[in-house]
1. Viscosity 1.002 mPa s, temperature 20 °C: what is the translational diffusion coefficient of segment 352-436 from Stokes-Einstein with a Kirkwood Rh over Cα pairs, rounded to a whole number of µm²/s?
2. Considering every Cα-Cα pair within segment 254-321, what fraction, in whole percent, is farther apart than 19 Å?
3. Run the numbers on segment 69-218 and let me know its relative contact order in percent, using alpha-carbon pairs under 8 Å that are six or more apart.
4. I'd like the orientation of helix 76-88 relative to the chain: the angle between its Cα long axis and the longest Cα principal axis, in ° from 0 to 90, rounded to 10.
5. Can you find, among HIS309, LEU161, THR103, the residue sitting farthest towards the positive end of the charge dipole of the chain, where Lys and Arg contribute +1 and Asp and Glu -1 at Cβ?
6. Write down Rg/Rh for the chain, rounded to two decimals, with Rg from the C-alpha atoms and Rh from the Kirkwood relation over Cα pairs.
7. Using only alpha carbons, build the gyration tensor for segment 133-224 and give me the equivalent ellipsoid semi-axes, biggest first, whole Å.
8. Would you give the gap between the C-alpha center of segment 28-42 and the C-alpha center of segment 294-336, rounded to a whole Å?
Amino acid sequence: FKNPHYATGRTTMVHLFEWKWDDIAAECERFLGPRGFGGIQISPPNENLVIWSRNRPWWERYQPMSYRLVTRSGNEQQFANMVRRCNNVGVRIYVDAIINHMTGTWNENVGTGGSTANFGNWHYPAVPYGRNDFNWPHCVIQGHDYACCADRVRNCELSGLKDLNQRSEHVRTMIVNYMNRLIDMGVAGFRIDAAKHMWPSDLRVIYDRLRNLNTAHGFPSGARPYIYQEVIDLGGEAISRNEYTPLAAVTEFRFGMELSRAFTRGNQLRWLVNWGPQWGLLGSGDALTFIDNHDNQRGHGAGGNILTHKRPKEYKGAIAFMLAHPYGKPQLMSSFSFHDTEAGPPMDGSGNIISPSINSDNTCGNGWVCEHRWRQIFQMVAFRNTVGNTAVTNWWDNGGNQIAFCRGTMGFVAFNNENWDLNQRLQTCLPAGTYCDVISGEKSGNRCTGKSVVVGNDGRAQIVIGSHEYDMVLAIHMGHQS
Ligand code: AAO
């Protein structure tokens with residue numbers, strides 16, 4: 001369950017938060033496939049409660065009404081079409097699976113597919129679920145439960161969301177049927193939402209009943225779905241991420257927290273010399289890594305001081321470090337812009353999601369940020385693909401916030417997060433030649449649109465990153481020799 005089964009040579013996935021299936025299919029063909037992205041985390045594809053009383057917030061999708069594949073992102077046919085088209089261009093689909101709970105209690109009770117429910121009776125006829133399928137007696141998780149009481153965190157409701165009992169054979173069957181249907185349609189894996197709120201022993205039963213990935217979609221025979229479990233563990237709680245790593249991969253929330261701190265000068269970059277488990281992070285193969293996610297970029301979940309697209313220079317620095325360093329399986333966030341932290345995606349007056357437009361410079365419009373289309377970001381995805389499994393070598397730092405390192409003989413990266421310029425002759429480990437910096441520009445024909453770096457016969461090059469430059473990173477690799 002820990003292998004994403006990316007197409008050969010691919011390494012990185014992106015969360016296309018609240019995108020529509022038709023738009024994702026197009027994005028696979030016109031951008032993600034050609035640019036070497038490995039996969040996409042999609043928003044939950046199953047029917048959710050429509051919450052007009054809060055103007056259709058993004059979080060309505062975390063309130064399941066049924067497992068029918070119909071949401072604001074599209075219907076079942078559009079979903080199937082997306083998976084097929086993305087797999088055809090080597091881009092995998094990972095489903096955000098909401099299996100811990102159903103909806104909260106609301107006055108509105110119609111889902112995106114027209115299903116209704118009777119909340120007072122715990123009755124979801126479209127699944128169907130009834131009272132016996134939920135944890136009993138009814139209780140709600142309180143903030144202090146996280147520190148003391150694992151049983152309450154797992155058996156009580158998360159924010160009043162009706163808490164399914166995964167020990168119930170019927171519940172297990174409904175969940176497994178849902179996930180297996182998606183596997184048959186060609187998905188490559190799942191994010192398990194709120195995994196911390198379910199018992200590991202129950203999750204194991206569910207995972208073990210999942211089918212192998214569909215060979216008709218290009219997966220090797222016997223391939224198990226990639227599973228990464230959302231467990232927020234910043235330390236000091238009753239539930240540990242280590243209870244979940246024996247089952248499958250886990251979201252490593254300490255990763256983005258520490259890199260956000262370092263790239264906002266709360267910590268010196270030089271300490272990143274031993275980045276990885278020595279920082280208290282999970283084993284590399286167990287960790288799904290990211291800077292921000294859809295929760296903490298807006299103060300939900302383990303929010304607080306996480307870098308996002310709203311601080312672009314520092315954010316691009318942290319993302320570049322994530323992609324340049326071999327630790328973990330990286331996931332990029334691709335957002336819609338927001339001021340109101342509850343606001344849903346760009347939508348029209350009827351609540352239909354408005355598609356991103358694509359500008360002539362390849363960036364997005366219509367309210368979509370599309371961080372994955374920022375040159376400094378997608379070119380570091382290509383960097384990661386190029387350097388492969390090579391090790392970090394020739395670490396250099398100035399004793400503070402300037403660092404540089406090689407990835408074997410395939411790539412070199414430098415960072416300047418000081419108030420003064422970086423101007424040093426550094427070992428790049430690359431063969432002699434001229435390389436295009438992939439941060440300040442790209443290779444266009446035989447020349448560089450940004451900085452050129454001339455590597456001498458000794459592998460050294462003069463590396464310059466001014467403190468007032470647009471970006472704090474310089475990166476060169478074998479794929480971008482000029
Ligand atoms: C909505 C409304 C609620 C309403 C509810 C029911 O907002 O007012 O009561 O409907 O009708 C999302 C939104 C929720 C939304 C929900 C359903 O975020 O606001 O509720 O959809 O529409 C916990 C969970 C974690 C969860 C996170 C948000 O452990 O699994 O809360 N994330 C996922 C999704 C998320 C989604 C759901 C789950 C539900 O990614 O989008 O919710 O499907 C501690 C614990 C964490 C805990 C946080 C927040 O964290 O460790 O496990 O996350 O508290 O309660 C420091 C600490 C850190 C601590 C943090 C916050 O950082 O170090 O450990 O402070 O206290």
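1. Details: Rh = 15.6 Å.
Answer, rounded: 138 µm²/s.
2. Details: 657 of 2278 pairs.
The calculated P(r) of segment 254-321 puts 29 percent of pairs beyond 19 Å.
3. Values: 188 pairs, mean separation 44.8, N = 150.
Relative contact order here is 30 percent.
4. Tilt of helix 76-88: around 30 degrees.
5. Working it through, the farthest residue towards the positive pole turns out to be HIS309.
6. For the chain, the value is 0.98.
7. 30, 13, 10
8. 19 Å
Coordinate-derived values only; no laboratory data. This is a predicted model, so every value here is computed, not measured. With ideal geometry, Cβ positions are generated from the backbone for all residues, glycine too; neighbour counts draw on all protein chains shown.
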